[in-house]
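Structure first, commentary second.
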Amino acid sequence: MLRTRILTALILIPLVLLLMWFAGIYLTIALSIVIGLAYLEGRKLLELKEDSLLYLGLFFAALIPVIIYAGFELIYWLSLGILVLISWVVILAARDLDHRGMTRETIGNTFLILYVGVFLSTTIFLRDAGGFYVLLAVLLTVWANDSGAYFVGRGIGGRKLVPNLSPGKTVSGAIGGLVFGSATFTITMYLIGYGFSFLWLVLGILLAFMAQIGDLFESLLKRQSGVKDSGTLLPGHGGILDRLDSLMVTLPAAYLCLKILEII
């Protein structure tokens, strides 16, 4: 399993870096494709059955990065606000809604469109405002958190973090992820010319923490549906959402923090 994970990563990472480097329309098209695939996986997790909304939802989800690339930034912030408002419905009340009617389908599709579309499209903002290397620093932080949590958790074990959501995650792994993530962000920011600052350590911990929140949130969706992985598209990693769950929440957090602090 570990060998398969590594081989998949060795193929995907250069492709991701190449798209980030050239950015522009290439990154936008790639995001639209990835968002579309993530949307389809999300429909299975939320057990959405209404086919009449599938293509409409897929269209709007994939359209979001194009809208942002075209410069309609206000739509992004409005969508982010709506996402926050309806998230609690998905988490707390989705299964209590009418399974036979359109209410649950409408809420679920709207949530997915915004969840995968808005969060992943933040990549465009972060790339435009901070450049390739700042975006790279965020990605490396998320990957370091994931790797740190995995290896420290397997090596030390101990008390479970949230056993009812993700039985494999441990407190030691979570701490390892925070340490690896923070160290990676600090070192990367130093190497790309921002110097050393205690602020990078703090931001690194925050970003690693948000990555873990994103991972646990998808675990919640999978737990509700009774599945282990969101899909099988990526050997050793599961589906698109399994690979991007940590990153999706971290991207807007990184962009907002760096923008508010006037770093980018």
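Based on this model, can you work out whether Leu17 counts as surrounded by fewer than 19 Cβ atoms within 10 Å (Cβ to Cβ), within 18 Å of the chain's Cα centre (by Cα) and closer than 24 Å to Leu139 by Cα?
Spelling it out, Leu17 is indeed surrounded by fewer than 19 Cβ atoms within 10 Å (Cβ to Cβ), within 18 Å of the chain's Cα centre (by Cα) and closer than 24 Å to Leu139 by Cα.
Counting only residues that are polar (S, T, N, Q) and in contact (Cβ under 8 Å) with a residue 24 or more places away in the chain, which one in region 202-261 is surrounded by the fewest Cβ atoms within 10 Å (Cβ to Cβ)?
So the residue we want is Ser225.
Return the residues of region 116-163 that are within 14 Å of the chain's Cα centre (by Cα) and among the aromatic types (Phe, Trp, Tyr); say none if nothing qualifies.
Those that are within 14 Å of the chain's Cα centre (by Cα) and among the aromatic types (Phe, Trp, Tyr): Phe119, Trp143.
For region 1-88, which helices (runs of 4 or more DSSP H) that fit wholly inside it have 2 or more residues that are touching a Ser or Thr at 6+ places or on another chain (Cβ under 9 Å), under 22 Å from Leu256 (Cβ atoms) and without any contact (Cβ under 8 Å) to a residue 60 or more places away in the chain?
Per the criteria, 54-69, 73-88.
Just to check your reading of the model, which residue among Thr186, Thr170 is farther than 28 Å from Ile35 by Cβ, in contact with a Phe, Trp or Tyr (Cβ under 7 Å, 6 or more places away or on another chain) and buried (at least 19 other Cβ atoms within 10 Å of the Cβ)?
Thr186
Among the residues in region 159-173, are any under 28 Å from Leu18 (Cα atoms) and out of contact with any Asp or Glu (no Cβ under 7 Å at 6 or more places or on another chain)?
No, region 159-173 contains no residue that is under 28 Å from Leu18 (Cα atoms) and out of contact with any Asp or Glu (no Cβ under 7 Å at 6 or more places or on another chain).
Any idea which of (1) in contact (Cβ under 8 Å) with a residue 40 or more places away in the chain; (2) surrounded by fewer than 15 Cβ atoms within 10 Å (Cβ to Cβ) is the one Gly195 doesn't satisfy?
All conditions are met except number (1).
Among the residues that make up region 130-146, is at least one of them at negative phi, surrounded by 19 or more Cβ atoms within 10 Å (Cβ to Cβ) and touching a strand residue (DSSP E or B) at 6+ places or on another chain (Cβ under 6 Å)?
no
Every read-out reported here was derived from the displayed coordinates using simple, explicitly stated rules and does not represent laboratory data. Bear in mind the structure is a predicted one, so any value in this text is a computation, not a measurement. As a convention, Cβ positions derive from the backbone with ideal geometry for all residues, glycine included, and neighbour counts pool all protein chains shown.
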